[in-house]
1. Working only within the range A:349-376, note down all residues that are surrounded by fewer than 24 Cβ atoms within 10 Å (Cβ to Cβ) and outside any loop (DSSP other than H, G, I, E, B).
2. Does any residue of the range A:280-298 turn out to be modelled with pLDDT of 95 or more, under 30 Å from A:Asn352 (Cβ atoms) and touching an Asp or Glu at 6+ places or on another chain (Cβ under 7 Å)?
3. Of the conditions (1) among the polar types (S, T, N, Q); (2) under 26 Å from B:Ser23 (Cα atoms); (3) surrounded by fewer than 21 Cβ atoms within 10 Å (Cβ to Cβ), B:Gln87 satisfies every one except a single condition; which number is it?
4. Cβ-Cβ distance below 9 Å, separation of 6 or more or different chains: which pairs start in the range B:100-113 with a residue that is free of Cβ contacts under 8 Å to residues at least 12 places away in the same chain and end on one that is in a loop (DSSP other than H, G, I, E, B) and near the ligand (Cβ under 6 Å from one of its atoms)?
5. Within the range A:667-682, is there a residue that is touching a residue at least 40 places away in the same chain (Cβ under 8 Å), within 14 Å of chain B (Cβ to nearest Cβ) and out of contact with any Asp or Glu (no Cβ under 7 Å at 6 or more places or on another chain)?
6. Which condition number in (1) of a type outside the set (Gly, Ala, Ser); (2) assigned to a loop (DSSP other than H, G, I, E, B); (3) away from chain A (no Cβ under 14 Å) is the one that B:Pro3 fails?
7. Could you tell me which numbered condition B:Ala31 fails, if it satisfies all but one of (1) farther than 19 Å from B:Gln104 by Cα; (2) under 17 Å from the mean Cα position of the chain (by Cα)?
8. In the range B:12-53, how many residues are among the small types (Gly, Ala, Ser), buried (at least 16 other Cβ atoms within 10 Å of the Cβ) and out of contact with any strand residue (DSSP E or B) (no Cβ under 8 Å at 6 or more places or on another chain)?
Amino acid sequence: MTKIAEHDMSVIGKKVLRREDPALLSGESKFVADLEAPGVLNIFVLRSSVANARIRSINVQRAKEAKGIVAVYTAADLESEWAAPMPCAWPVTADMKNPAHYPLAKDTVRYVGDGIAVVVAHSTEEAADAASLIEVDYEEQPVVIDLEEALSGRHLVHESLGTNVSYVWELNPNPVGLEKAFTEAKYVVSERYVQQRLIPAAMEPRGVLAVPSPMGGDYTLYSATQVPHILKVMAALTLGISETKLRVIAPSVGGGFGSKLNVYAEELICLALSRKHRLPVKWVEERSEGGQATIQGRGQVQYMELAADADGKLLGVRVNLIADMGAYLQLVTPGIPLLGAFLYHGVYHVANYGFKATGVFTNKTPTDAYRGAGRPEATYAIERAMDALAKKVGVDSAEIRRRNLIQPEQFPYNSPAGLIFDSGDYPKNFEMALEKLGYSKLREEQAQRRLQSSTKNLGIGISFFVEMCGLAPSRVLASLNYSAGGWESATVRILPTSKIQVVTGTSPHGQGHETSWAMIVADKLGVPIEDIEVLHSDTAIAPHGMDTYGSRSLSVGGTAVHLATERVLDKARKLAAHQLEVSEEDLDYGAGAFSVKGAPEKVMPLAGVAFEAFTAHNLPEGMEPNLEASISWDPPNFTFPYGTHLAVVEVDSETGKVELMRYLSVDDCGNQINPMIVEGQIHGGIAQGVAQALYEEAVYDESGNLLNPSLADYLVPSAAEMPNFELGQTVTPSPTNPLGVKGIGEAGTIASTPAAINAVVDALSHLGVTNIDMPASPERVWRAIQSAKG
Amino acid sequence: MYPAKFEYVRALDVADALAKISSDEDAKFLAGGHSLVPLMKFRLATPSLLVDISQLQELAYVKDEGDYVAIGALTRHHDVERSGILQSHVPILPHVAGMVGDPQVRHRGTIGGSVAHGDGASDLPAALLALDATMVATGSVGQREIPAKNFFKGFLETDLSPDEILTEIRVPKGTKAWSYKKFNRRAQDWAIVGVAAVKNGSTKVAFVNMGSSPLRSTGCEGALNKGASITEAAELATEGIDPPSDLNATSEFRIHLAKVLTRRALEEMEG
Ligand SMILES: Cc1cc2nc3c(=O)[nH]c(=O)nc-3n(C[C@H](O)[C@H](O)[C@H](O)COP(=O)(O)OP(=O)(O)OC[C@H]3O[C@@H](n4cnc5c(N)ncnc54)[C@H](O)[C@@H]3O)c2cc1C
């Protein structure tokens, strides 16, 4: 594996400004809400105001008669539109329970926010006004909110299932060994952790515009989605439209974090109504509506156990968790815990491993992928448990980690859960981070403050994460019952004027692929970035793709771009050799031109080759015209980014307020194409993970009402709450792909939540505090201190 | 969130505003809109007519009037924050105005809107209460002056009648010491609890978000008058006060916070 960053002339490894930004900053970019369509009908979805009820009756008469109303539909009116229920693409077990889920709830509503009726009007305001005139008569049923209570089955979300359990999924390669590890252990740590539900809160709410073409029976579906390709397939199947008749476009999309990795009711409803009315149909989500109508993240109760010997060395790791599915299974809801299932031992070597997840239904908004999906939960559990183990063994929390880290010579590391960690030097990364932070000095300051009984308690939190990303080898996905592949496609096309089109199946929504992909091609071809256009997120332009999620885009999609570029260059070389009348081996390529070895005056620029390929006047025997290559690439393995994240907090023990004073990370994502984009991803990721630790929670009352759907109450932190992030890096290229890259999109989020909470607990450990549930709000912290006082 | 249907007119001057507001029983003044519009979007307020007074430049001023400073009701939070007159004579107000919401809120929201809204969770009303400010209301029959103590009546309820416009706020000079402690989770947030303390002759202490309207801490003020220590007075600060519980804090925690913050405010004033 070469370190790409060592090429001198290369743009790779440079902080190239994002090409996307001028249009985004000047408002030129178009989001779904900005799109106009002549004759458009706007819809408003009336949603259930109760969490579990039979619908005795719905009276839409007054709404139908209201001003500006075109139509009002209930589930019964739209039944004939659906060829299939809404898709769940990840049946994790053969006997998984997946109750049929349609875009509108028919006789029973199962969460607050469940769609009941659609009002179609000329303006959204009229539709909203009319919706308030719809009378729904509910026969309320007992609700299932708490996860442990859900297991009891006392009340049921789906009565016909006879249980709230959707599935049980287990990984226990060596049950005897695991049992033995726990019986023979000197130390056993048993912890219960709660992963609260989170509202993804992407900057842009969701939006849909379905436009029937004036002829031919085609439809164009614009959606604020991360997954136009998956959406196209699923929408075609659900509506019984031929896939050839459907084009999906994701225009500028303002963030997703997994929440737009889905197939939503409103996408299907708009498409169905555009078919019915032969007019464009549009829906734009309201912010507070999104709290209920868009999937939520996390939602787990984890029972985490560690077994260790007298030195604190791990003998076994065992986790048993309950995962909150919500009321229905959305696109990949049941699979989210599985994305963490292999990683509950984190960066530590252990021989014995067991994982069990029970997916349960509750009367709440469905959960699904949210930045990190499964891996933040795993990292949280192991990193908190390691701190608990350190306490038990009586060593510093850095020392307990040192004793257990997987060593460089163990790579590629065969993990006890059956993965192969690609590459890494964990001790180097760890010591570098502690050194940069001044760890031992901070420990001294902490001791000093404790001596003085300061109310400003200093805490240091360590989190060392590894994750699996770059979804992924398709055959591994098959073994997990995932109903899609993990490949990615790319086309590189050099046009007659030597401008270059790069077509990617990834679908960026803030990650800067237009910049990074152009850098990869510019580097390979030695041409200016300005000559390269990256096309994406339109299924008519990029017909094949697996879209963007799971930190997969660079390691899979970027690699596909790299390989397609190589293939184009191979063809260009053949053509140039033919015209320069030398053999291919006699050609050098650099700075956008072929030259003959030993005769540097004999050159043929790529532009010339492109034009020759276009005119096709003089091609080698058997060569097809045009300079273009397409690749679909399926990686042999996941990639495994890792890194040390350290948080320093000050906790005011009088008010319970936590202040994040410093945050330092040393990440290793292999080679970096654009370090500025890497930093941006880490910054956002850290903030989002700290948000879970200190600020955010979707709060439900016992009747199943979401109490804080608006941004006034749902506390997304801002830059003002964050310190300057101190970032460092190590670079261990991945052998999984020729670019040597890993993923960075989720790393910060995966690592930072336990770093922050470990810091808070550490700050108060001398007062006897051992746990604080998330988010560590002032009142929670204050109460933890009070109850530790006894 | 889509508000219910409403009509909109813009007032040309105070007299015009008063005429327009009386034309419709369900009319409301619109100043910065940063309290009213959110309520309308939640459909908690459904005025049939909005009389926009936000462009009345005649009500946007800060003037030195000798014993007191006069602030026009339509002065934006940002302008209160930057006023040299207030910084020299009533320094707590610019400080508090600078802690309201975020820069966008401070450029649109007005001091008059904040006062007329009468929200117990707002920062400026509590500061004005501690300052013993006077509100000037103008109606069709003329002007009247209302001491802050009598102005705030209850939950979003003030002494203003629906057809009166708040035109001016008068704030006495002579602050010897002051402190404002705002406790929140994010910089842009409303106070979970706030304490405004002003020493001007005696020490006055007012609370943010400890009740349905801004409140004076009679417990603390009384104790201080009787010569209690800071710690003792802070302990008594919440006497007779029954704060609300919400997602950010239970009533019990608010009481605890109010005592801690009062002590810190008083200590800060001691220097
Ligand atoms: C995101 C956000 C954060 C905020 N954070 C804070 C905060 O931290 N602290 C805080 O104190 N406030 C906060 N606010 C509220 C903000 O300060 C408002 O600007 C203020 O409360 C109301 O002023 P306004 O000019 O916007 O009034 P409007 O919303 O226009 O009016 C409010 C009410 O007062 C009436 N009214 C307005 N002016 C007059 C007048 N001259 N005479 C008679 N009646 C009148 C209106 O009819 C209406 O009933 C926040 C607001 C937002 C949107």
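The values are calculated or read from the model by the stated rules, or taken from the named source; none is laboratory data. These figures come from a predicted structure and were not determined experimentally. Every residue, glycine among them, receives a Cβ derived from its backbone with ideal geometry; neighbour counts consider all protein chains shown.
1. The answer is A:Asn352, A:Lys356, A:Thr358.
2. Checked against the condition, which is being modelled with pLDDT of 95 or more, under 30 Å from A:Asn352 (Cβ atoms) and touching an Asp or Glu at 6+ places or on another chain (Cβ under 7 Å), the range A:280-298 yields at least one hit.
3. For B:Gln87, the exception is condition (2).
4. B:Gln104/B:His34
5. So far as the range A:667-682 goes, no, none of its residues is touching a residue at least 40 places away in the same chain (Cβ under 8 Å), within 14 Å of chain B (Cβ to nearest Cβ) and out of contact with any Asp or Glu (no Cβ under 7 Å at 6 or more places or on another chain).
6. Here B:Pro3 meets the rest and fails (3).
7. Tallying (1) farther than 19 Å from B:Gln104 by Cα; (2) under 17 Å from the mean Cα position of the chain (by Cα), B:Ala31 fails exactly one: (1).
8. Counting residues in the range B:12-53 that are among the small types (Gly, Ala, Ser), buried (at least 16 other Cβ atoms within 10 Å of the Cβ) and out of contact with any strand residue (DSSP E or B) (no Cβ under 8 Å at 6 or more places or on another chain) gives 2.
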